[in-house]
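S.K.: Quick one: the structure is below, and I'll ask about it shortly.
The values are calculated or read from the model by the stated rules, or taken from the named source; none is laboratory data. Every value quoted in this text rests on a predicted model; they were computed, and no experiment measured them. Note that each Cβ is placed from the backbone with ideal geometry, even for glycine, and that neighbours are counted across all protein chains shown.
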Amino acid sequence: METKEKTKTKIEITIEHENINLMGLVNQAEGLDKAIVKKFIYAIEEDMVKELCGEEYERTRYQRHDHKTRILNTSIGTLELNLRRVRDKETGDIFSPVAKELKFPEGKRICDDVSLDGIEQMPNLSYRKEVKTVKELSRSDISKSTLWRRVQNLDISAEPSGDVDVVLVDDTKIHKRSEDGFHFLDLALGYNTEEEEYSLLFAGVNEEWSEIRNEIEKEVNLANAYVVCDSDREINNAFEGAKGIQICHFHAVKYVDYCLWKEDAPKNFRKKMRRILKSRLSTLQNSVKKFWRDEDTERLKNRISWFREELDRWVERAEGRDFALAANYIRRVREKLLTFAEAALRGDYVPYTNNKVEREFRENVYRTKRIGGSWSDDGLLNVSLCQFISRLDEGLFREFKEVYIDEAGTLNFSVSLPGG
C-alpha cells in the first residue's frame, strides 16, 4: 500500500517601511491577506514595546500593562487586534504604542478607507446601495448614518484653472431636506479652446451669481473670456463686462415656446414659430462651421446680417398676433444669440450652447433627484463636488483621496520561498 506524505511550504515575507501609518499600510498592502497585515502590526508593536519598556523586568519610565482588543473595519476586512498597552509611570497614562505610532482612528471602529470606498460610489448610488456595495467590496460593514455623517464633514473644494477662454454657467433645482422649496446647485465650467479641455471653476449651493463671478474672477480675467449661459437675468447681469455673452440656442428655443404657451398662443402657431426660430439658428450654426473650414469672412458677415433681419421679421410676426412676451424676449437677446458668430470673425471659438454643463447636471440628477432624496446644503455640495471633480479632474480627486485617508510613509514587501 502506498502512503502519501503531506508537505508544507513556508513563505517568508520581508517588509520594509518608513513613517507608515495604518491607512497607508492598509491602502498599500491591498491584495495581501489581512493576517499578514496583523502580523506586521504585531511586529511593530513588539519593537516599540521593547524600545519603551526595555527587556523583561528592566526598570524604565514605561511599564508593560495589559492587552486590549481593538476591532477595526478596513477595506481589506475586519482586523481584530489584541494590542499590548503600556503605562507611563510619570503621568499615569495607559496607551497602545502601536496604535499611537500607526495613528489608529480614535473612538472609531470604521476606518476612513472604508468610508472612502463609499464616497467613491457616492456620485452614482444612494446611501443604502453604497453601504451594500462597500460590504461586498471590502467585507467590512458601514452604516448609512456613518457614511452620511462623513459625507457632511468632507473637506473638498475645486482648484480652478485660470487658463480658460470660455466660461459655461448654469444652475438647477434640488429638493431641500426636511423643508419646502429647493436648493439651487450652481455650476461654472471653464473651457480651454486650444487644449479642448474642460475644468471645474466653481460649484456651490444657493450662491448669488454676483458672488460666483467674484470667485471666478480670482482666477479668470472675464474681460478676455466669453460666457455661455441660458436667459436667466441674474446670470446675464452678473457677467456683464465679459468679453461676450452667448445665450444657449437650445435654451432660447425652449424659452420662446414657454412664452408663447404662457400667452395662450394656439398650438399650431407655437409649433410654427418654434420651427422658424430653430431653422434660423441652425442656418447660422452651419455658416459658422463652414467659416472655420474656409474662413470666408464676407459670407459669414452676410449671414449675420441676414440672421438679424430674419429675427426682426420673427418679432414682427409675434407682435402682430399680440404675443409681446415672446417678441420682447427675442428682441432683448438677439445680439447674444449670435455672439459665437461674431467671435468667429475675430478668430475666437465660442460654443453656441452650454450642453457640457447640462451633461454634468444630468449625471448629478441621477444621484440628487431620481433617487427621491432631499438634501442639506453640505451634503448636496459635497456629493456634487465629488462627482464633478472625479469626472473633470481625476488628478485632483486622487489628491483628495490621499489626504482623506492620511496616507503617509512608504511600504515595500517581497515574497520568497526559503532556499529558493
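S.K.: Is it the case that Glu360 is at pLDDT 60 or above, acidic (Asp, Glu), closer than 27 Å to Lys243 by Cβ and not assigned by TED's automatic domain parsing to the domain that holds Thr283? Break it down stepwise before answering.
M.R.: Numbers: at pLDDT 60 or above: yes; acidic (Asp, Glu): yes; closer than 27 Å to Lys243 by Cβ: yes; not assigned by TED's automatic domain parsing to the domain that holds Thr283: yes.
For Glu360, the condition - at pLDDT 60 or above, acidic (Asp, Glu), closer than 27 Å to Lys243 by Cβ and not assigned by TED's automatic domain parsing to the domain that holds Thr283 - is met.
S.K.: Related question: Determine whether Glu45 is surrounded by 15 or more Cβ atoms within 10 Å (Cβ to Cβ) and of a type in the set (Asp, Glu). Walk me through how you get there before you give the answer.
M.R.: Details: surrounded by 15 or more Cβ atoms within 10 Å (Cβ to Cβ): yes; of a type in the set (Asp, Glu): yes.
In short, yes.
S.K.: What number of residues within segment 78-123 are surrounded by 17 or more Cβ atoms within 10 Å (Cβ to Cβ) and modelled with pLDDT under 75?
M.R.: Count: 14.
S.K.: Taking segment 185-239, which residues are in a strand (DSSP E or B) and among the hydroxyl-bearing types (Ser, Thr, Tyr)? Let's see the steps before the verdict.
M.R.: The first filter runs over segment 185-239 and keeps only residues in a strand (DSSP E or B), leaving 185-192, 197-205, 226-229.
Within segment 185-239, Tyr191, Tyr198, Ser199, Tyr226 meet the criteria.
S.K.: Could we say that Glu16 is modelled with pLDDT under 70, acidic (Asp, Glu) and part of a strand (DSSP E or B) here? Show your work before the answer.
M.R.: Details: modelled with pLDDT under 70: yes; acidic (Asp, Glu): yes; part of a strand (DSSP E or B): yes.
For Glu16, the condition - modelled with pLDDT under 70, acidic (Asp, Glu) and part of a strand (DSSP E or B) - is met.
S.K.: Right, next: Please pick out the residue among Ser231, Ser287, Ser282 that is crowded, with 19+ Cβ neighbours inside 10 Å, under 37 Å from the mean Cα position of the chain (by Cα) and hydroxyl-bearing (Ser, Thr, Tyr).
M.R.: Numbers: Ser231 fails: crowded, with 19+ Cβ neighbours inside 10 Å; Ser282 fails: crowded, with 19+ Cβ neighbours inside 10 Å.
Criteria check complete, one pass: Ser287.
S.K.: Can you tell me how many residues within segment 176-199 are farther than 13 Å from Phe361 by Cα and hydrophobic (A, V, I, L, M, F, W, C)? It would help to see each step written out before you state the result.
M.R.: The initial filter retains those residues of segment 176-199 that are farther than 13 Å from Phe361 by Cα, namely 176-183, 190-199.
Still in the list and also hydrophobic (A, V, I, L, M, F, W, C): 182.
Adding up the residues that qualify gives 1.
S.K.: Still on this structure: For Arg299, state whether it is assigned to a helix (DSSP H, G or I) and in contact with a Phe, Trp or Tyr (Cβ under 9 Å, 6 or more places away or on another chain).
M.R.: yes
S.K.: Report every pair of residues separated by at least 6 positions or lying on different chains whose Cβ atoms are under 7 Å apart, first residue within segment 249-268 and acidic (Asp, Glu), second outside any helix (DSSP H, G or I).
M.R.: Short answer, once both residue conditions are applied: Glu263/Phe323.
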